[in-house]
Amino acid sequence: MTEAGTSETNLWETVLRKVGTSKAVAQKKLLVLGDAGSGKTSVVRQLLQASQQASDVRSGAVETVSEHDLALSYSYMDVRDEDGEEIVARVGVYQLASDRTTDRELLQFVLDAQTFGAAAIVVVLDWSRPWRFVKSL
């Protein structure tokens, strides 16, 4: 192959590489913690519904949240730009069922040193039992 052919190939590889990386969607994590029955599923459901209403009103699709008390449940929501056309981030929503030791061990699959900076943690407290706040935290 000639030198001109090689530089043309390198040019296309460079262009394709830039386009491929510029369209990458940022991955974020939201971890929802709290005692059993504190309302974690309600909080997650409201977040998903608000996200869906803001971004996907036309489709009529409904995100569902599992009613079963899984040790670690997962859902996601897309964050769109101001025009609602492009997805700029995807937020993985993880919900830990309780504070049992076996459930807490699952946190290693959600948070690590590399993803900790792109994560947020929400602690849901049961306001019908405020005397348990300190223990819940």
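Taken together, the values in this text are just the output of simple stated rules run on the coordinates, not laboratory data. Predicted, not measured: the structure shown is a model, and the values here were computed from it. Don't worry about glycine lacking a Cβ; one is built from the backbone with ideal geometry, like all the others, and counts go over all protein chains shown.
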Residue farthest toward the positive end of the dipole of the stretch 76-137, with Cβ of Lys/Arg at +1 and Asp/Glu at -1: which of Tyr94, Leu137, Leu111?
Leu137
List the residues, sorted by chain then number, that are 5 or more residues from Leu33 or on another chain and whose placed amide H is less than 5 Å from its amide H.
Val122, Val123, Val124
Could you tell me what % of all Cα pairs in the stretch 94-137 have separations over 18 Å?
40 percent
